[in-house]
Amino acid sequence: MTDQAESGAIRAALVRLRRTTEIPVAFAGMTGEGRGFRITEMTGTTTQALRGLAIAPGNGLGGKAVALARPASVTDYRSSRVISHEYDAAVAAEGLRSVLAVPVVVRRRVRGVVYAALRESLALGDRALDTAADAVRELEQSLAVREEAQRLMEVQQKPVAGPRAWEEVREAHAELRTLAQRVPDGALRTELLEACGRLASACGPEAAPADRARAVSLTPRELDVVACVAGGGTNAAIAARTGLKPETVKAYLRSAMRKLGTHTRLETAVAARRAGLIP
């Protein structure tokens, strides 16, 4: 994931956090090699006191959230006895009092921290914490999908040799299609599905130009199901993976078979690959 794309995802999460919680200040930073991080994105601030602030694991509220890998909050930052106070000057310069910090966890690794803050000393209740956590979950999902997209594109650019390597590509393609359907950002979803299309167009060794010329058009959900079928998924497994009902999976598969002119799951996977619909 590029720094620009990551910054955009963080900014969107901060805007969503402020809008849903009505907390006026939000800021965030992503972790580096040593699990520390710098505040890089801010919204609702009136000074530059927090920008670039380096937070070490365990220090301050954000460092505590990183170290514990769970949310933390204080009603009055400067007088709190449950955090260390290395960053009091920057917090005071921005005029912040009540602060909550939610770690951003992607694939069991803390990737950063998102903060929300008030300029007065008021308890941030469970509703605020839950709403902040929801905003962070969307950010986590966005980061996970973008990382998977980047991995897929790197796989696509490498020479593929042997059936095992192609199976890895195909499994990643199916996973990415499934993740893309869960992304709330329409532009990001389109970008990811286009990446899936480019990966599919690379096709496997068995693909032929004449087969591609006869390619049919499947709906996004039909493609999701066919991609999972090609990976060996049962209807029940595909339903669990895509969030669809088993009966709906069957309906999409029947529709795809009708369009491809196939009668079995194996024929469907082969026909879709030859048509350049899946890798």
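The values are calculated or read from the model by the stated rules, or taken from the named source; none is laboratory data. Keep in mind that this is a model prediction, so the values were computed, not measured. We place every Cβ from the backbone using ideal geometry, glycine too, and count neighbours over all the protein chains shown.
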Original post:
Looking only at segment 104-123, which residues are under 13 Å from the mean Cα position of the chain (by Cα) and surrounded by 14 or more Cβ atoms within 10 Å (Cβ to Cβ)?
Top reply: Val104, Val105, Val106, Arg111
Original post:
For Ala13, all conditions in the list (1) exposed (fewer than 14 other Cβ atoms within 10 Å of the Cβ); (2) at pLDDT below 95 hold save one; what is the number of the exception?
Top reply: (1)
Original post:
Out of all the residues in segment 242-269, which are assigned to a helix (DSSP H, G or I) and touching a residue at least 12 places away in the same chain (Cβ under 8 Å)?
Top reply: Thr242, Val249, Lys250, Tyr252, Leu253, Ser255, Ala256, Lys259, Leu260, Arg265, Thr268, Ala269
